[in-house]
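Below: one structure, written as structure tokens.
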Amino acid sequence: MNYHDIVKDDMLNGDGLRVTLFVAGCSHKCKGCQNPETWDPKGGIAFDEEALNEIYEELSKDYISGLTLTGGDPLYEANVDALTTLLKNVKERYPDKSVWLYTGSVYEEVMHLPIFNYVDVVVDGEYIEEERDTALRWRGSSNQRIIRIR
Ligand code: SF4
């Protein structure tokens with residue numbers, strides 16, 4: 001799996017201050033996507049031990065509320081297995097930290113995936129330019145939903 005960025009002290013992608021992983025790879029190709037450079041699964045750099053430790057170090061800080069996975073799409077087929085393992089380990093090490101996951105898929109169509117055993121909040125749905133609303137918190141278009149799984 002490749003990724004583009006690990007953003008620290010992120011206030012834009014979920015509750016509180018978070019560490020956010022922007023993965024590479026997305027097949028949705030939404031018109032008006034803010035991050036089209038993330039569509040290519042071969043873009044960015046390889047997610048390695050160093051990147052993993054960077055995330056763990058952030059999560060160990062009291063003021064960090066949790067981890068957000070976005071991209072790209074964390075559910076892109078080349079990403080989902082590696083991210084399921086990552087989240088399993090994160091929840092074992094940091095059970096009190098929340099996990100948010102952004103996906104272009106509709107939740108009901110992907111809710112069977114094991115990764116959702118480790119996700120607290122999912123923001124779902126493709127970005128629809130005609131439904132863009134800058135007043136919305138944590139999402140770009142009004143069709144997208146913030147679903148608190150647990
Ligand atoms: S799902 Fe997200 S990253 Fe993928 S094309 Fe749509 S807006 Fe862009």
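The values are calculated or read from the model by the stated rules, or taken from the named source; none is laboratory data. It should be emphasised that the depicted structure is a prediction, and the values quoted were computed from it without experimental measurement. Cβ: placed from backbone, ideal geometry, glycine included. Neighbour counts: every protein chain shown. In case anyone asks, the SASA skips ligands and DNA or RNA and just uses the protein heavy atoms, side chains included. Shrake-Rupley method; radii C 1.70, N 1.55, O 1.52, S 1.80 Å.
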- Query: Do we have LEU59 as farther than 19 Å from GLN144 by Cα, surrounded by 15 or more Cβ atoms within 10 Å (Cβ to Cβ) and in contact (Cβ under 8 Å) with a residue 40 or more places away in the chain here?
  - Reply: yes
- Given the structure, is ASP48 at pLDDT 95 or above and farther than 22 Å from VAL121 by Cα? yes
- Given the structure, is VAL110 in contact with a Leu (Cβ under 9 Å, 6 or more places away or on another chain) and of a type in the set (A, V, I, L, M)? yes
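Residue-wise test of (1) surrounded by fewer than 20 Cβ atoms within 10 Å (Cβ to Cβ); (2) at pLDDT below 95; (3) more than 17 Å from VAL19 (Cβ to Cβ).
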{"site": "LEU69", "(1), (2), (3)": "no, no, no"}
{"site": "ASP73", "(1), (2), (3)": "no, no, yes"}
{"site": "THR84", "(1), (2), (3)": "yes, no, yes"}
{"site": "GLY104", "(1), (2), (3)": "no, no, yes"}
{"site": "GLU108", "(1), (2), (3)": "yes, no, yes"}
{"site": "ASN117", "(1), (2), (3)": "yes, no, yes"}
{"site": "VAL123", "(1), (2), (3)": "no, no, no"}
{"site": "GLU130", "(1), (2), (3)": "yes, no, yes"}
{"site": "ALA135", "(1), (2), (3)": "yes, no, yes"}
- Task: Provide a single number: the residues in region 16-51 that are loosely packed, with under 15 Cβ neighbours inside 10 Å and farther than 18 Å from GLY72 by Cα.
- Result: 3
- If we ask which residues in region 4-15 are open to solvent by less than 20 Å² (accessible area, probe 1.4 Å) and touching a residue at least 60 places away in the same chain (Cβ under 8 Å), their number turns out to be 1
